[in-house]
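Trainee: Pasting a structure here, questions to come.
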Amino acid sequence: MISRIFVVCVFVGVFSAGSTLSCRWMDHKFRQFSENSLNLLDAMALNSTNTTQDATAPFPHELYSQVSKAAAEDKLIFTVQVLNEVETLFNKNHSLASWEEKTADDFLGVVNRQAEGLLSCIRSHGHKKHNKKLHMSFKRLSHVLDTMGHSAESWELIRKEVKTHLMRADSLISSVLNAN
């Protein structure tokens with residue numbers, strides 16, 4: 001009888017340790033890192049110029065609406081891709097941006113740590129789903145940067161768009177956490 005209880009306890013322990021919904025990093029660290037990344041983006045705005053142009057790529061609201069109805073692990077995979085796309089975008093030449101280099105480096109570090117932390121919560125590491133529509137949305141943002149010559153104005157537009165992406169990604173993860 002005791003051995004059966006032990007086997008059940010081990011099975012429950014192993015199952016819950018691998019479960020997306022019981023990931024310790026997500027439970028304890030995600031909100032802290034998310035808040036930190038948004039605060040760093042806001043700090044970058046304090047040093048930015050006022051923009052006069054509104055030329056930017058349309059935000060993929062429909063894509064986020066679709067993902068909000070997906071399974072928890074799919075939300076995590078999507079959010080990791082958002083974070084990776086943000087990191088790729090911010091690794092472009094931002095020498096003309098008006099923010100301090102250290103702030104941008106700190107922001108990239110936090111975004112990278114968020115992606116790594118969430119990735120550790122995904123069970124199917126080998127099977128990465130890549131959302132092509134999300135990737136194309138970030139390609140359009142990259143095109144805006146290129147078209148506007150990586151100017152301070154273009155980076156301010158990108159900063160605002162990235163903030164919206166990060167806020168929506170935060171909502172996705174919050175919905176996973178609240179489902180517990």
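The values are calculated or read from the model by the stated rules, or taken from the named source; none is laboratory data. In this text the structure is predicted, and so the values were computed from the model without any measurement. FYI the Cβ positions are ideal-geometry reconstructions off the backbone, even for glycines, and counts take in every protein chain you see. With ligands, DNA and RNA removed, areas are computed over all heavy atoms of the protein, side chains included. Shrake-Rupley method; radii C 1.70, N 1.55, O 1.52, S 1.80 Å.
Trainee: Within the stretch 125-151, count every residue that is closer than 21 Å to PHE107 by Cβ, free of Cβ contacts under 8 Å to residues at least 60 places away in the same chain and part of a loop (DSSP other than H, G, I, E, B).
Mentor: Of the residues in that region, 2 qualify.
Trainee: Is it fair to say THR79 is β-branched (Val, Ile, Thr), open to solvent by 80 Å² or more (accessible area, probe 1.4 Å) and at pLDDT 90 or above?
Mentor: Here the answer is no, as THR79 does not meet what is asked.
Trainee: Among the residues of the stretch 98-124, which ones are among the aromatic types (Phe, Trp, Tyr) and part of a helix (DSSP H, G or I)?
Mentor: Within the stretch 98-124, the first condition is being among the aromatic types (Phe, Trp, Tyr), and the residues that meet it are 99, 107.
If the condition is that a residue be among the aromatic types (Phe, Trp, Tyr) and part of a helix (DSSP H, G or I), then PHE107 is the only one that fits.
Trainee: Test SER154 against the criterion of being more than 28 Å from LYS29 (Cβ to Cβ), part of a helix (DSSP H, G or I) and small (Gly, Ala, Ser), and give yes or no.
Mentor: yes
Trainee: Do any residues in the stretch 81-110 that are more than 15 Å from LYS160 (Cβ to Cβ) have Cβ atoms under 7 Å from those of residues that are among the polar types (S, T, N, Q) and open to solvent by less than 90 Å² (accessible area, probe 1.4 Å), where the two are at least six apart or on different chains, and which pairs are they?
Mentor: Within 7 Å, the pairs are GLN81/ASN131; LEU83/GLN114; GLU87/ASN112; LYS92/SER142; LEU96/SER151; GLU100/ASN47; VAL110/ASN36; VAL110/SER37.
Trainee: When you scan the stretch 22-57, how many residues do you find that are open to solvent by 40 Å² or more (accessible area, probe 1.4 Å), outside any loop (DSSP other than H, G, I, E, B), at pLDDT 60 or above and under 18 Å from HIS94 (Cβ atoms)?
Mentor: 1
Trainee: Among the residues of the stretch 153-162, are any over 17 Å from SER37 (Cβ atoms), loosely packed, with under 12 Cβ neighbours inside 10 Å and not aromatic (Phe, Trp, Tyr)?
Mentor: Within the stretch 153-162, not a single residue is over 17 Å from SER37 (Cβ atoms), loosely packed, with under 12 Cβ neighbours inside 10 Å and not aromatic (Phe, Trp, Tyr).
Trainee: In the stretch 82-107, what count of residues is obtained for those that are closer than 22 Å to MET136 by Cα, charged (D, E, K, R) and either surrounded by 20 or more Cβ atoms within 10 Å (Cβ to Cβ) or modelled with pLDDT of 95 or more (or both)?
Mentor: Residues in the stretch 82-107 being closer than 22 Å to MET136 by Cα, charged (D, E, K, R) and either surrounded by 20 or more Cβ atoms within 10 Å (Cβ to Cβ) or modelled with pLDDT of 95 or more (or both): 2 in total.
Conditions (1) closer than 20 Å to LEU40 by Cβ; (2) not acidic (Asp, Glu), marked per residue:
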residue	(1), (2)
LYS75	no, yes
ASP105	yes, no
LYS139	no, yes
ARG159	yes, yes
